[in-house]
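Below: one structure, written as structure tokens.
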Amino acid sequence: MYEVYPYDLGYEGTIWRPPSEASSLIIQATVGCSWNACTFCGNYKDRKFMVKRPDDIFASIRLAKALYGDRVRRVFLADGNALAMPTEELLAVLEVLKKEFPRLERVSCYGGPLDALRKTRSELQELCDRGLKLVYLGVESGDDEVLKKINKGVSSAGMVEACRKLVESGLKLSVTVILGLAGKEGSHRHAVETAKVLNRVDPHYLAPLTLMIVPGTPLHQEYARGFFKPLTPLETLVELKVLVEHLELTECIFRCNHASNYLPVGGALPGDKAEILRLLGEVIEKIQCNPELERRILKPESLRAL
């Protein structure tokens with residue numbers, strides 16, 4: 001996700017946010033990620049997970065009120081998975097946000113599948129009723145073999161259960177999947193099985209990202225030893241096309257415009273599915289016929305980012 005540079009709101013470490021939270025006030029309620037074991041992720045390896053003291057969180061909120069007044073409409077609770085907070089503490093944060101920002105429209109946060117599974121439906125429903133409206137969750141893959149290799153902590157069935165629990169509690173759900181996560185050998189299976197999980201989850205928002213191999217991670221070590229064969233940019237587009245072909249979602253905003261992606265694609269599913277597939281098919285065919293066009297059509301590696 002995109003990096004932001006905090007100044008006076010008591011942030012610890014580098015703060016990461018979803019692209020769609022660019023205009024949101026970011027309040028750091030937790031530090032790091034409570035799971036912090038995924039083999040591809042290096043975002044929080046430099047810090048130990050902790051839930052901030054309530055008084056420290058409230059102080060950040062009140063300072064933000066002094067800085068921004070009533071202009072705040074959206075708040076994103078950092079860090080890696082603020083949904084892991086004890087429910088009572090998270091409810092208290094939501095209450096203070098509502099009090100300090102009466103024109104607040106939405107509070108959102110990252111959450112992991114284990115966070116959702118650990119909370120009861122009544123807890124999640126109360127969080128939604130009290131102002132938490134959107135949870136961002138990394139599905140990454142629907143392939144059990146891939147989920148095990150990346151040490152996600154749940155199976156595909158557990159992922160579906162966690163996501164459905166959030167949706168059925170009234171929360172909006174925005175999920176990410178990672179193109180190229182299975183490498184060359186597992187590409188097609190990864191795309192098909194991921195689509196199956198997404199169809200069962202039926203998220204409100206879907207954002208495919210493209211794998212970036214981060215130095216220092218277990219995945220990078222596997223790549224350096226020659227055990228992981230990454231996709232080429234063209235193969236990534238083929239994988240994306242297979243994924244979209246197998247999607248059967250009822251009402252979903254689809255955005256493949258993250259900084260890691262080679263080609264920005266977007267629309268509303270299922271309505272724009274045919275057009276998305278047409279565009280992907282056209283680009284794939286052009287590059288297959290003339291590989292030199294890849295440099296002109298796709299984002300260069302130097303411009304890709306987390």
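Can you confirm whether the range 250-265 contains a residue that is at pLDDT 95 or above, acidic (Asp, Glu) and over 21 Å from the mean Cα position of the chain (by Cα)? No, there is no match, as no residue in the range 250-265 is at pLDDT 95 or above, acidic (Asp, Glu) and over 21 Å from the mean Cα position of the chain (by Cα). Evaluated against (1) touching a residue at least 24 places away in the same chain (Cβ under 8 Å); (2) under 30 Å from GLY180 (Cα atoms), LYS48 falls short on exactly one condition, (1).
When you scan the range 119-134, do you find a residue that is over 20 Å from SER174 (Cβ atoms), within 19 Å of the chain's Cα centre (by Cα), without any contact (Cβ under 8 Å) to a residue 40 or more places away in the chain and surrounded by fewer than 21 Cβ atoms within 10 Å (Cβ to Cβ), even just one? No: zero hits.
Would you check if there is a residue in the range 2-20 being modelled with pLDDT under 90, touching a Lys or Arg at 6+ places or on another chain (Cβ under 8 Å) and hydroxyl-bearing (Ser, Thr, Tyr)? Checked against the condition, which is being modelled with pLDDT under 90, touching a Lys or Arg at 6+ places or on another chain (Cβ under 8 Å) and hydroxyl-bearing (Ser, Thr, Tyr), the range 2-20 yields at least one hit.
Only residues that are in contact with a Phe, Trp or Tyr (Cβ under 6 Å, 6 or more places away or on another chain) and in a helix (DSSP H, G or I) were counted in the range 201-235, giving 3.
Residues that are β-branched (Val, Ile, Thr) and more than 23 Å from PRO18 (Cα to Cα) within the range 97-126 comprise just one, THR120. Checking each residue in the range 145-178 for being part of a helix (DSSP H, G or I) and in contact with a Gly (Cβ under 6 Å, 6 or more places away or on another chain) picks out only SER156.
Quick one: is GLU185 assigned to a helix (DSSP H, G or I), touching a residue at least 40 places away in the same chain (Cβ under 8 Å) and not polar (S, T, N, Q)? Against the criterion (assigned to a helix (DSSP H, G or I), touching a residue at least 40 places away in the same chain (Cβ under 8 Å) and not polar (S, T, N, Q)), GLU185 does not qualify.
The residues on offer are SER23, SER108, and the sole one that is of a type outside the set (D, E, K, R), modelled with pLDDT under 95, within 28 Å of GLN125 (Cβ to Cβ) and out of contact with any Pro (no Cβ under 6 Å at 6 or more places or on another chain) is SER23. Among the residues of this structure, ARG304 counts as one that is under 14 Å from LEU179 (Cβ atoms) and of a type outside the set (S, T, N, Q).
Only one of the numbered conditions (1) of a type outside the set (Asp, Glu); (2) more than 23 Å from GLY138 (Cβ to Cβ); (3) assigned to a strand (DSSP E or B) is not met by LEU293, and that is (3).
If you filter the range 28-62 down to residues that are of a type in the set (Val, Ile, Thr) and under 18 Å from the mean Cα position of the chain (by Cα), you find that the one that is farthest from PRO86 (Cα to Cα) is THR39.
Taking the criterion of being more than 21 Å from PRO300 (Cα to Cα) and of a type in the set (Asp, Glu), the residues of the range 219-271 that qualify are GLU222, GLU245, GLU248, GLU251. The set of residues from the range 173-218 being in contact with a Cys (Cβ under 9 Å, 6 or more places away or on another chain) and charged (D, E, K, R) comprises ARG200, ASP202.
Per the listing LYS273, LYS286, LYS241, the residue uniquely without any contact (Cβ under 8 Å) to a residue 40 or more places away in the chain and surrounded by 15 or more Cβ atoms within 10 Å (Cβ to Cβ) is LYS273.
Has the range 150-173 got any residue that is surrounded by 18 or more Cβ atoms within 10 Å (Cβ to Cβ) and over 21 Å from LEU206 (Cα atoms)? No, every residue in the range 150-173 fails to be surrounded by 18 or more Cβ atoms within 10 Å (Cβ to Cβ) and over 21 Å from LEU206 (Cα atoms). Of all the residues in the range 66-75, those that are modelled with pLDDT of 95 or more and over 20 Å from PRO18 (Cβ atoms) number 0.
In the range 244-270, what count of residues is obtained for those that are in a helix (DSSP H, G or I) and surrounded by fewer than 18 Cβ atoms within 10 Å (Cβ to Cβ)? Spell out how you get there, then give the answer.
From the range 244-270, those in a helix (DSSP H, G or I) are 244-245; that's our starting set.
From the residues that got through so far, the ones that are surrounded by fewer than 18 Cβ atoms within 10 Å (Cβ to Cβ) too are 245.
Within the range 244-270, residues that are in a helix (DSSP H, G or I) and surrounded by fewer than 18 Cβ atoms within 10 Å (Cβ to Cβ) number 1.
The values are calculated or read from the model by the stated rules, or taken from the named source; none is laboratory data. On a predicted model such as this, the values are computed, not experimentally measured, just so you know. Note: ideal-geometry Cβ built from the backbone for every residue, glycine included; neighbour counts use all protein chains shown.
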